[in-house]
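The values are calculated or read from the model by the stated rules, or taken from the named source; none is laboratory data. Predicted model only: the values in this text are computed from it and were never measured. Cβ placement follows ideal geometry from the backbone for every residue including glycine, while neighbour counts extend to all protein chains displayed.
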Number of protein chains: 4
Amino acid sequence: MVNVGVLGATGAVGQRFIQLLSEHDEFELTTVTASPESAGDTYREAAKWRVDTPIPEDVATLEVRETDPDAIPDDVDLLFSSLPSSVAERVEHGFCEAGYVVSSNSSNERTADDVPLVIPEVNADHLDLIEVQRDERGWDGALVKNPNCSTITMVPTLAALDAFGLDTVHVATLQAVSGAGYSGVTSMEILDNVLPHIGGEESKMESESRKLLGEFTGAEVDWHDVDVSASCNRVPTLDGHLENVWAELDDDPTVEAVVDAFEDAASQDLPSAPDPLIHVFEEPDRPQPRLDRMLGGGMAVAAGGVQQTESGIQYNTLAHNTIRGAAGASVLNGELLARDGWL
Amino acid sequence: MVNVGVLGATGAVGQRFIQLLSEHDEFELTTVTASPESAGDTYREAAKWRVDTPIPEDVATLEVRETDPDAIPDDVDLLFSSLPSSVAERVEHGFCEAGYVVSSNSSNERTADDVPLVIPEVNADHLDLIEVQRDERGWDGALVKNPNCSTITMVPTLAALDAFGLDTVHVATLQAVSGAGYSGVTSMEILDNVLPHIGGEESKMESESRKLLGEFTGAEVDWHDVDVSASCNRVPTLDGHLENVWAELDDDPTVEAVVDAFEDAASQDLPSAPDPLIHVFEEPDRPQPRLDRMLGGGMAVAAGGVQQTESGIQYNTLAHNTIRGAAGASVLNGELLARDGWL
Amino acid sequence: MVNVGVLGATGAVGQRFIQLLSEHDEFELTTVTASPESAGDTYREAAKWRVDTPIPEDVATLEVRETDPDAIPDDVDLLFSSLPSSVAERVEHGFCEAGYVVSSNSSNERTADDVPLVIPEVNADHLDLIEVQRDERGWDGALVKNPNCSTITMVPTLAALDAFGLDTVHVATLQAVSGAGYSGVTSMEILDNVLPHIGGEESKMESESRKLLGEFTGAEVDWHDVDVSASCNRVPTLDGHLENVWAELDDDPTVEAVVDAFEDAASQDLPSAPDPLIHVFEEPDRPQPRLDRMLGGGMAVAAGGVQQTESGIQYNTLAHNTIRGAAGASVLNGELLARDGWL
Amino acid sequence: MVNVGVLGATGAVGQRFIQLLSEHDEFELTTVTASPESAGDTYREAAKWRVDTPIPEDVATLEVRETDPDAIPDDVDLLFSSLPSSVAERVEHGFCEAGYVVSSNSSNERTADDVPLVIPEVNADHLDLIEVQRDERGWDGALVKNPNCSTITMVPTLAALDAFGLDTVHVATLQAVSGAGYSGVTSMEILDNVLPHIGGEESKMESESRKLLGEFTGAEVDWHDVDVSASCNRVPTLDGHLENVWAELDDDPTVEAVVDAFEDAASQDLPSAPDPLIHVFEEPDRPQPRLDRMLGGGMAVAAGGVQQTESGIQYNTLAHNTIRGAAGASVLNGELLARDGWL
């Protein structure tokens, strides 16, 4: 068992980390941190638990520590981070300098040249960028990022389509409110309504997708030249981002060929990795957020409505935004870091 | 005042017709029809009134008639139809043969060669197709259609963009539940959920748009060759269809030029026509369904989030689906029919 | 293992039966029935599966049978029924005459003199009314009912309070849409709305509670004389009925005494019975439907907000309406029937 | 025309004040205040306008002033306040000392001995308590309060029932999210959920009702001795509080007598006062929040489902919580202050 900790463990994504790690087969959650005013409290006292499964008893009694390398036990080998992006860079650097390996869901530095941005089933080899990072930054630790929730929902399918010559992508997102954090969207904003704009989200989808689909040369990542144009909407769902995707392809694959490519997308042999990675529905009205977000324990990607267009294909894709799209993504990267010997 | 009637007046769209016509300056609502079992009841008895303004008193006491030309008073000069498409064709033909002019929201025959499909601000001249229709069908009356609610939401903006050489359109819709009628979407389908498929909707948007933007030669409509690819979703909103649009254009207009084109889109001098036709928001998070669907009394189109992409522009558009997108659209066509001397 | 079947297995409650029975330790689900037009199809074909866990594979391939005693295999010893009340009486009688034991969730005959209405943790001894039933009706089989979902949510707490002299109850319900079946509440009825009336619900709560809390004399049930006054509302939640209860009591117990009585309510030693039966929250803002409906696998009752009033106590109670309040209630009654030797 | 101002004009209730006052027949809105950082901005700049009608143009261009008596023009004769209760007492006292009459929706001091708590149709005569207030506090101005939104929804019906000897009230509320202010309830708290607790709300309903229904002796208000026991819930509706009420009465009136008492409740001859005050529905499933909250321009109270119980009657009542229950309540009190010569 690897001893692990969660930085910023009381927030919405932090609580998902707790839920996922409390029954993990390879990770032992020994350490949780929060802001200084919570330090010394038990986790039960510090966190207003809002997940729909009870708070795990062994975590509830953990003492909350300060988010500081000096406050972390020496035997912790891996840290998960869901810090607000406003403070994440400073804090994460401190931990990496102190020798910790950090698997982070925070949005800072995702597109930095020497920071691996990884979805294990898509670009596990990008992890070797850690060598470059350690050289450049003089760290004993390492910083690895997973992409934004709306990017993760789409990229596994794009990776599968790249065999047909991925050229241009239009994507409209219908994103759940949990993606904005517990207080990110007020009830008066979203009841009987849609918000047709999510600040910064469109450009994240455009750049992160290109980096994820890029090729690691041994020294850097050559970004894919796919042109992604995103339109992002917040809708009144709790969990599960649904996306309408149009992909223009160099080749002209049949629907069957595309479905095969999706279904054949390689899984990874990691504890949290779903198999299959992509679940394809034949029914045109699936996937639906409430019915399908928990496929593969919330770690699978669902696709459906595949059809040909004039210049490519059109389909829908869905993933659980706080599991596959956030806490689960970091945990999966942590499992990859462990398997590949980076801890 | 023109005496008018509503065929199928008790349903969801029928109730919107009542609401719009009860205070109309040029139309006097004298006649309402429903299924035979309601004939003889007052409208108040026959309709389970569900609009959020009280039932108009003068309509409440109207006697409901059978949906049959023989049951209609002779002095009625214009009929509005919101019949279910399964029966609409047969019934509407009967009224047209009997000499009535019918402004219909039903989906049948919208793309028929000799049936005008009209948005007054976009293609009022298509109304002259009535001449062809009367020749071919031997009718004294006439049948005029308005497009589907999701089509209407988008086409006024596309018409404005056609000056820049409209080539290809991708559109994702986030449609309100009222578009499916009062019982069309159950609560268990849509609470905390999105339905990523609306049967037949995508092809309606693709074909109706091409006919509406086409050119009337005097004998027929030459459809526009724009390639429209739609992805239609039902979301948990009550009224107001929001659409994310990408338009590829031959020219390369600036955002300012596009906004100008939207704001300069010609209005019509008709009682229900909004001025301006298109309301453009600068704020990127507008239009929103709940806040903006009632612009122009529910007859305006709202646009926002205009930005350039690699090959054209991207924006959002919104309209009230049961006013501008259904009952109000038919009323507006009725006003055009009256003004242009077809009654 | 007892071989069991589900009558009317394709509806909303039917699907919950399938979900609960597919992994049951003592029951083997071998038989599913539906309307004649589905007979011969596989269950996968006949049911439009809408539960948020995948359809169990072994059930998906079962052949759907007609809802007729002649169509049921001889080795089936227990049938669960979630038939519409319009047909349930006739059909259930047919099965009971043919010798089957039926554990039914349908609302017919719940208050009949010779039909046991049972919540195992509350009045398991009422099951002996089967003797009377068999005498009077000449059946080899038996018919046992569970109460209405809104009744079940409240009665376990009332039973615990009866030690303090239960006199009068006022209860306001906030009921989830699933209680009305898959199509029972339309989206246009409930989005941004509350329905302050559920036909027949108030009187069910008033009479069923009195029968459940009554005393079985060996020949009949003497109904409890508690006066229950209910006000029933439908709110925009998917699952989980929340109820505000005021109980006037002969004694004047402290809050602590009431909490103790709730927490000490006896559980039953049955596979689906939760332990504890009643989960008491200290936080005044719990239980909440979405967070707490799955306590005890959806079979527990949650209570909170206990406080004294002038004449008794006031509190909130919550249960999952389609598990503890419907399919799970029937399954639990089936387990009791099996344990007590009625099969 | 009386020149009026709104203190704290940019919040949710503040925006309702703007909407109601911008077209008022007797009040001219000349002054809006907000926090110091907004002072000097136009109202359009300072307020993030979220009402579903466009921002009134003449208010949009008003300069926002500091919430300070020195910043208010001399010709303003009446101020409306929707300040947060944390600062309201200090600020309101400052204005009253400076000679202003303040009609306040803030919750502080509602039950103070010398502060009139008024619903004009219920207890207009309590306004004379201003004499006592001026004596005791040495103010030239005056401070008048309207009750909490959940109290206002119920008290007009209780006042009508008092003729039958009002003894005990049980009330369960189903309150809309707007009652908590724009950011008071997050989307993650309320989607597919109910919150069974609203801090302080139950005791407000209990004490404010007794003061409102009390008798003004000329020197003080003798509180009514009705025993009110409230259970307050937040539900996923935007506007409109629905309440289930049980009233135990000394007399035993028929349903017809109660309906008559409701329908005969005296209206007031004030610009914003609805006539009738109470709209009674015969249909048991009305009033409903979305359909009926705008009755009387949002100022009427709706009642329905009246039925007899063992010891009194039971019914439902509904009012628009931010119009009749907040901004409209203060405006109505302002109209009463003007008519009765207190300005």
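Scanning the stretch C:235-251 for residues that are of a type outside the set (A, V, I, L, M) and touching a residue at least 60 places away in the same chain (Cβ under 8 Å) gives C:237, C:239, C:240, C:241, C:243, C:244, C:246, C:248, C:250, C:251. Within the set B:312, B:298, B:334, the sole residue that is surrounded by 19 or more Cβ atoms within 10 Å (Cβ to Cβ), farther than 20 Å from residue B:105 by Cα and small (Gly, Ala, Ser) turns out to be B:312.
Out of B:189, B:215, B:283, B:256, report the one residue that is out of contact with any helix residue (DSSP H, G or I) (no Cβ under 6 Å at 6 or more places or on another chain), surrounded by fewer than 24 Cβ atoms within 10 Å (Cβ to Cβ) and either within 30 Å of residue B:130 (Cα to Cα) or among the aromatic types (Phe, Trp, Tyr) (or both).
Within the list B:189, B:215, B:283, B:256, the selection yields B:215.
Filtering the stretch C:286-341 to residues that are at pLDDT below 95 and of a type outside the set (S, T, N, Q) leaves C:310, C:312.
Here is a yes/no grid of residues against (1) acidic (Asp, Glu); (2) in contact with a strand residue (DSSP E or B) (Cβ under 8 Å, 6 or more places away or on another chain); (3) within 21 Å of residue A:162 (Cβ to Cβ):
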position: A:278; (1), (2), (3): no, yes, yes
position: A:282; (1), (2), (3): yes, yes, no
position: A:287; (1), (2), (3): no, yes, no
position: A:316; (1), (2), (3): no, yes, yes
position: A:330; (1), (2), (3): no, yes, no
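Does residue C:130 satisfy being within 20 Å of the chain's Cα centre (by Cα) and among the aliphatic types (A, V, I, L, M)? Yes, satisfied. Just one of the listed residues (D:16, D:44, D:50) is touching a residue at least 60 places away in the same chain (Cβ under 8 Å) and either of a type in the set (A, V, I, L, M) or within 14 Å of chain B (Cβ to nearest Cβ) (or both), and it is D:50.
Across the stretch B:224-253, the qualifying residues are those that are out of contact with any Leu (no Cβ under 6 Å at 6 or more places or on another chain) and of a type in the set (S, T, N, Q), and the one among them that is surrounded by the most Cβ atoms within 10 Å (Cβ to Cβ) is B:237.
One residue stands out among those in the stretch D:56-93 that are buried (at least 18 other Cβ atoms within 10 Å of the Cβ) and among the polar types (S, T, N, Q): the one that is nearest to residue D:179 (Cα to Cα), which is D:82.
With respect to residue D:53, is the statement that it is hydroxyl-bearing (Ser, Thr, Tyr), surrounded by fewer than 14 Cβ atoms within 10 Å (Cβ to Cβ) and within 30 Å of residue B:239 (Cα to Cα) true? Criteria met by residue D:53.
In the set (1) modelled with pLDDT of 95 or more; (2) more than 14 Å from chain A (Cβ to nearest Cβ), residue B:266 fails one condition alone, (1). Within the stretch C:187-208, the residues that satisfy the criterion of being of a type in the set (Asp, Glu) and more than 8 Å from every other protein chain (Cβ to nearest Cβ) are C:201, C:202, C:206, C:208. Could you list, in sequence order, the residues of the stretch D:110-149 that are over 29 Å from residue D:262 (Cα atoms) and either in a helix (DSSP H, G or I) or aromatic (Phe, Trp, Tyr) (or both)? Once the filter is applied, which keeps residues that are over 29 Å from residue D:262 (Cα atoms) and either in a helix (DSSP H, G or I) or aromatic (Phe, Trp, Tyr) (or both), the stretch D:110-149 yields D:130, D:131, D:132, D:133, D:134, D:135, D:136, D:137, D:139.
Selection of first residues in the stretch D:108-128 that are under 14 Å from residue D:340 (Cα atoms) and of second residues that are outside any helix (DSSP H, G or I) and of a type in the set (Asp, Glu), restricted to Cβ pairs under 8 Å at least 6 apart or on distinct chains, gives the following pairs, ordered by first then second residue: D:124/D:340; D:127/D:340.
Which one of these is modelled with pLDDT of 95 or more, away from chain A (no Cβ under 14 Å) and touching a helix residue (DSSP H, G or I) at 6+ places or on another chain (Cβ under 9 Å): C:70, C:128, C:114?
Numbers: C:70 fails: touching a helix residue (DSSP H, G or I) at 6+ places or on another chain (Cβ under 9 Å); C:128 fails: touching a helix residue (DSSP H, G or I) at 6+ places or on another chain (Cβ under 9 Å).
Unique residue meeting the criteria: C:114.
Among the residues making up the stretch A:209-247, a single one is within 11 Å of chain B (Cβ to nearest Cβ) and either on the phi > 0 side of the Ramachandran plot or modelled with pLDDT under 95 (or both): A:240.
What residue, among those in the stretch C:168-186 that are farther than 15 Å from residue C:319 by Cβ and within 11 Å of chain D (Cβ to nearest Cβ), is farthest from the chain's Cα centre (by Cα)? Result: C:168.
Considering only residues in the stretch C:144-167 that are touching a His at 6+ places or on another chain (Cβ under 8 Å) and more than 14 Å from chain D (Cβ to nearest Cβ), the one that is surrounded by the fewest Cβ atoms within 10 Å (Cβ to Cβ) turns out to be C:162. On the basis of being within 14 Å of chain C (Cβ to nearest Cβ) and at pLDDT 95 or above, does residue D:275 make the cut? It is false that residue D:275 is within 14 Å of chain C (Cβ to nearest Cβ) and at pLDDT 95 or above.
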